[in-house]
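See below for the structure under consideration.
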Amino acid sequence: MPINYSEKIPNNVNLSEDKRLQRALESWQPNYLKWWNNLGPNESTDYDVYLRTAVSVDPKGWAHFDYVKMPDYRWGIFLTPADGERKINFGRHQGETAWQEVPGEYRAELRRLIVTQGDTEPASVEQQRALGLTAPSLFDLRNLFQVNVEEGRHLWAMVYLLHGYFGRDGREEAEAMLERHSGDPDRPRILQAFNEETPDWLSFFMFTFFTDRDGKYQLASLAESGFDPLARSCRFMLTEEAHHMFVGESGVARIIKRACEIMTENKTDDVHAHGGIGLELLQKYLNFHFSVSVDLFGHELSTNAANFYTMGLKGRYQETRIDDNHLLTDHIYKISEVQGDKIVQVDAPALTSINERLRDDYIADCQSGVNRWNKIIKKFDIDFELKIPHRSFHRGIGSFSTFQATPEGQLITQAEWDTRQSEWLPTDEERAYIQSLMIRVTEPGKMANWIAPPDRGINNQNPEFEYVRFN
Ligand SMILES: [Fe+2]
Ligand SMILES: [Fe+2]
């Protein structure tokens with residue numbers, strides 16, 4: 001079904017045939033815009049931004065590119081079309097027809113999953129709101145804004161489900177999405193990683209590489225849901241998420257390239273003396289963002305996760321490609337835990353290890369990205385390798401959170417951690433150094449000194465294209 005842009009809220013869900021829902025969403029819309037104006041990207045209201053907008057949900061060619069003022073962006077409700085006879089593919093309802101309505105007995109659990117996912121979307125917009133003032137190029141500024149409007153749309157996707165399927169308490173949850181704010185001491189966002197600031201562009205690129213990738217894995221698991229409207233919402237969100245991770249991966253890749261150029265041209269290891277970002281410091285930012293992102297997968301053993309699975313609400317990554325009985329009643333899964341002074345692998349029930357399995361899938365995916373980064377360094381013949389820290393490093397959630405470990409996964413005492421953590425995580429001085437590099441570049445095609453230009457532009461435009469007009 002094509003997207004109807006003649007309506008106040010663009011959609012492909014026949015919104016005009018459900019007047020009650022349409023009215024409910026139209027009354028939420030001004031609150032959303034108020035939130036965007038107050039807590040969305042700083043000072044961006046008058047800019048014309050070269051953005052992509054979804055014009056169909058066809059996997060090929062769903063995007064249309066043009067200059068848009070961000071408050072006029074057409075946020076809407078787009079679901080991947082239903083595939084006729086979709087079945088529930090796991091848990092105790094395996095083989096039954098997927099639900100088109102919320103099953104009464106799972107209402108609370110389903111609402112909780114949707115609210116938790118939905119809350120992260122506006123949170124990241126809030127975290128990133130100041131970055132536009134220090135963008136290293138127009139290309140990057142445009143990419144930031146693209147990510148921001150799509151995170152706003154992801155909120156719309158979850159709010160549609162709350163309004164459309166949960167009645168009054170759904171509407172209340174939708175309001176609360178705009179009342180909690182990232183870092184607000186009284187009404188913080190639900191997950192801790194979404195209350196941290198994104199203070200600079202290195203953090204932004206690491207965030208979109210590591211934390212948006214957590215989003216990919218959460219969405220992919222929800223895309224397996226037996227509740228079909230949720231599954232179809234998440235499928236379409238995943239197509240947008242891919243761009244966010246591209247922004248992160250290519251952003252860090254360009255910083256690496258620039259560091260290697262500086263090292264080669266000046267025959268030095270001191271990249272900072274030449275205004276770049278050194279590979280050792282990149283490693284520290286990587287350590288930080290990886291460790292806060294792996295926390296987002298939750299506890300290694302979780303009865304909640306097991307219940308969500310058995311109920312058919314949230315599956316595993318690529319559930320239908322896994323060759324087992326999709327019930328997991330007497331399967332085992334290997335997880336890591338501390339025994340004595342060592343980290344060992346133990347057998348755990350697969351059903352309660354669902355979080356850890358998703359974390360494993362995520363870590364493998366991160367590793368492939370880091371391998372691509374290392375190829376750039378290799379090309380310059382520089383002897384340095386970026387590494388993903390061990391999962392026990394710097395954890396705030398799960399069984400490792402009560403221990404301290406090195407990035408190699410050696411358990412250490414709290415005293416050793418206190419004296420050595422500055423070897424592994426960015427110090428205040430290093431964060432201040434990164435901050436000192438954050439100066440806005442607005443000339444088309446020009447880049448800040450610490451980042452290399454992109455290999456290609458957006459939508460086949462040149463890197464020199466005027467991606468943002470300030471007016
Ligand atoms: Fe998102
Ligand atoms: Fe995202």
Cα Rg, Dmax (largest Cα-Cα span) when computed across the chain, Å: 22.6, 68
Among the listed pairs K8/K69; K257/K284; K216/K314; K267/K446; K267/K387; K87/K314, those beyond 22 Å (Cα-Cα): K267/K446; K267/K387
Segment 314-471: relative contact order in percent, alpha carbon pairs under 8 Å with at least 6 residues between: 11
Signed unit charges on C-beta, dipole axis of segment 359-471, positive-most listed residue W417, N459, H394: N459
Förster radius 56 Å - calculated FRET efficiency between T116 and E280 (Cβ-Cβ, nearest 0.05): 0.95
Kirkwood-type radius of segment 1-155, with distances r between different C-alpha atoms, in Å: 17.7
Per-pair calculated FRET efficiency, R0 = 22 Å: N31 and D66 via Cβ, rounded to 0.05: 0.25
Ranking of E224, E7 by count of other Cβ atoms within 10 Å, fewest first: E7, E224
Computed over segment 123-242, the ratio Rg/Rh where both radii use C-alpha atoms and Rh is Kirkwood: 0.98
Full-stretch length increase - Q461, R23 - with 0.36 nm per residue and alpha-carbon distance subtracted: 153.7 nm
Two-decimal Rg/Rh across segment 1-85, once Rg and the Kirkwood Rh are taken from alpha-carbon atoms: 1.00
Estimated inter-spin distance, D341 and I412, nm [label 7 Å along Cα→Cβ]: 1.5
As computed over segment 38-124, the Cα convex hull volume per residue (Å³): 148
Mean Cβ count within 10 Å, highest first, over the residues of peptides 64-77, 273-286: 273-286, 64-77
With 5 Å bins from 0: P(r) over segment 299-361, alpha-carbon pairs, percent: 4, 18, 28, 27, 12, 6, 4, 1
Over segment 190-293: Kirkwood hydrodynamic radius from C-alpha pairwise inverse distances, Å: 15.3
The chain: calculated mean residue ellipticity at 222 nm from DSSP helix runs of at least 4, using -39500 (n - 2.57): -15000 deg cm²/dmol
Packing-based exposure ordering (other Cβ within 10 Å, fewest first) of H331, H181: H331, H181
Average projected area [Cα convex hull, segment 212-256], square nanometres: 2.8
Label-point gap, in nm, between D428 and R440 - each point 7 angstrom along Cα→Cβ: 2.9
Spatial separation of Cα centroids for segment 28-68 and segment 343-392, in angstrom: 34
Alpha-carbon gyration tensor eigenvalues x 5, square-rooted, for segment 310-397, Å: 31, 19, 10
Fully extended contour minus Cα-Cα distance, from F470 to E172, at 0.36 nm per residue: 103.6 nm
Check: the chain dipole with +1 on Lys, Arg Cβ and -1 on Asp, Glu Cβ, in debye: 820
Peptides 296-305, 406-415 ordered by average Cβ neighbours within 10 Å, highest first: 296-305, 406-415
S401, S203 arranged by Cβ crowding within 10 Å, fewest neighbours leading: S401, S203
For segment 102-174 and segment 194-228, distance of Cα centres in Å: 11
Separation of the S56 and R107 label points, Cα + 7 Å toward Cβ, nm: 3.9
FRET efficiency for A82 and R187, using Cβ-Cβ distance with R0 set to 35 Å, rounded to 0.05: 0.45
Over segment 231-340, equivalent-ellipsoid semi-axes from the Cα gyration tensor in Å: 41, 20, 11
Relative contact order of the chain, pairs being alpha-carbon contacts under 8 Å that are 6 or more residues apart, as %: 19
Whole-number D in µm² s⁻¹ for segment 258-304, Kirkwood Cα-pair radius fed into Stokes-Einstein, 20 °C, 1.002 mPa s: 167
Computed over segment 32-127: relative contact order in percent, which uses C-alpha pairs under 8 Å that are six or more apart: 22
Length gained when the stretch A130-L39 is fully extended (0.36 nm per residue, less Cα-Cα span): 31.8 nm
By average C-beta atoms within 10 angstrom, highest first, the peptides 120-127, 243-250: 120-127, 243-250
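The numbers here are math on the coordinates, done by the rules we state, and not lab data. Worth saying up front: this structure is predicted, and the values here are computed from it rather than measured. Here the Cβ is made from the backbone with ideal geometry for all residues, glycine too, and neighbour counts use every protein chain on show.
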